[in-house]
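What follows is a single structure, written as structure tokens, with notes after it.
The values are calculated or read from the model by the stated rules, or taken from the named source; none is laboratory data. Since the model is a prediction, treat every value here as computed from it, not as a measurement. Counting neighbours? That spans all protein chains shown, and the Cβs are built from the backbone with ideal geometry, glycine included. The area values use the complete protein model at the heavy-atom level, side chains included, leaving out ligands, DNA and RNA. Shrake-Rupley method; radii C 1.70, N 1.55, O 1.52, S 1.80 Å.
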Amino acid sequence: MPAYLINEELAGNRLDKFVCEKLEISRNLCKKWIEEGYITVNNKTSKGSYTLKLNDNVCIEEVEVEEYQI
């Protein structure tokens, strides 16, 4: 499970935007994974619109991308 510690440069970004850029996936797919709990912030579920803060820990569970093709 990849985990990212948010630094000063990344703080202030939306969770969904950050994940989409890191994983190079569509925003719709990213939103679905966030809603389903595959992506958490500080071990808690969150909304895609969550604004990342310094030292947040973003965890992404491994998901088969083929299962979620849109």
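Summary of computed values
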| read-out | value |
| --- | --- |
| Carbon + sulfur, % of accessible area of the chain - ligands and nucleic acids excluded, 1.4 Å | 44 |
| Mean separation of Cα contacts under 8 Å (6+ apart) over length of the chain, as relative contact order % | 45 |
| Whichever aspartates and glutamates have a C-alpha closer than 13 Å to that of K47, once near sequence neighbours (fewer than 8 apart) are set aside | D16, E35, E36 |
| For segment 54-62, Karplus couplings with θ = phi - 60° (6.51, -1.76, 1.60), whole Hz, Gly/Pro x | 3, 6, 4, 10, 9, 10, 10, 6, 6 |
| Whole-number accessible area per residue in Å² for the chain, which is evaluated in the context of all protein chains at 1.4 Å | 68 |
| Check: the chain dipole with +1 on Lys, Arg Cβ and -1 on Asp, Glu Cβ, in debye | 400 |
